[in-house]
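Take this structure first; my questions come after.
The values are calculated or read from the model by the stated rules, or taken from the named source; none is laboratory data. As the structure is a computational prediction, the values presented were derived from the model and not from experiment. Positions of Cβ are generated from backbone atoms using ideal geometry, with glycine treated the same way; all protein chains shown enter the neighbour counts. Only protein heavy atoms, including side chains, enter the accessible area calculation; ligands, DNA and RNA are left aside. Shrake-Rupley method; radii C 1.70, N 1.55, O 1.52, S 1.80 Å.
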Amino acid sequence: MADSPAQKPNQGTAFVVNAMRRGFGGKCPKCGNGALLAGYLKPNTACCTCGEETGGIYTADIAPYFTIMIVGHIVMPLLLATEKMAAPPIWMQVAFWPTLALALTLWFLPRVKGSIMGLMWALGMRGHEQH
Ligand SMILES: [Zn+2]
């Protein structure tokens with residue numbers, strides 16, 4: 001763990017959940033004020049309010065992974081229930097469900113990334129840890 005300069009002492013579940021909640025809202029996991037992301041997904045180098053360096057937290061593919069899982073668990077039950085109850089025309093379903101899935105994906109992705117960055121920050125992880 002020599003390459004983990006953000007290593008923090010274990011501060012409990014509430015600390016971790018709070019950091020994830022702040023990250024979900026796009027805010028710095030430390031102070032909750034500064035913007036975590038500079039663009040849609042690009043992390044800010046450091047918090048503009050407290051100076052915490054969050055830009056080096058590397059989340060790799062975990063944000064898209066969880067986003068796909070969340071969106072799938074929202075869209076698929078709705079799709080199946082709609083088909084079972086109303087059976088709308090196929091053209092309508094082909095137009096609606098992919099659009100909903102895309103919109104939810106675009107909404108969730110930066111929020112999930114922020115949550116993961118908050119989690120990693122709270123646990124002192126940078127994403128380059130060795131096994
Ligand atoms: Zn901050």
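Exactly one condition in (1) of a type in the set (S, T, N, Q); (2) surrounded by 13 or more Cβ atoms within 10 Å (Cβ to Cβ); (3) out of contact with any strand residue (DSSP E or B) (no Cβ under 9 Å at 6 or more places or on another chain) is not met by ASN44; state its number.
All conditions pass for ASN44, except number (3).
Still on this structure: Can you list residue pairs whose Cβ atoms sit under 7 Å apart, with the first residue in the range 67-89 being open to solvent by less than 60 Å² (accessible area, probe 1.4 Å) and the second being polar (S, T, N, Q) and assigned to a helix (DSSP H, G or I)? Count only pairs 6 or more apart in sequence or on different chains.
That search, which allows pairs on different chains as well, returns THR67/THR105; VAL71/THR105; PRO88/THR82.
Among the residues of the range 23-53, write down those that are under 24 Å from GLN11 (Cα atoms) and aromatic (Phe, Trp, Tyr).
The answer is PHE24, and nothing else.
Against the definition (on the phi > 0 side of the Ramachandran plot and out of contact with any Ser or Thr (no Cβ under 9 Å at 6 or more places or on another chain)), how does GLY26 come out, yes or no?
The answer is yes for GLY26.
Being at pLDDT below 95 and within 11 Å of the chain's Cα centre (by Cα) narrows it down to one of THR13, THR59, so name that one.
THR59 is the lone residue from the list that is at pLDDT below 95 and within 11 Å of the chain's Cα centre (by Cα).
Please give the number of the condition CYS31 fails out of (1) open to solvent by 40 Å² or more (accessible area, probe 1.4 Å); (2) part of a loop (DSSP other than H, G, I, E, B).
Every condition holds for CYS31 apart from (1).
What are the residues in the range 35-81 that are over 16 Å from ALA122 (Cα atoms) and assigned to a loop (DSSP other than H, G, I, E, B), if any?
Within the range 35-81, ALA38, GLY39, TYR40, LEU41, LYS42, ASN44, THR45, CYS48, THR49, ALA60, ASP61 meet the criteria.
Kindly provide the set of residues from the range 32-82 that are within 9 Å of the ligand (Cβ to nearest atom) and within 21 Å of LEU104 (Cα to Cα), ordered by number.
LEU36
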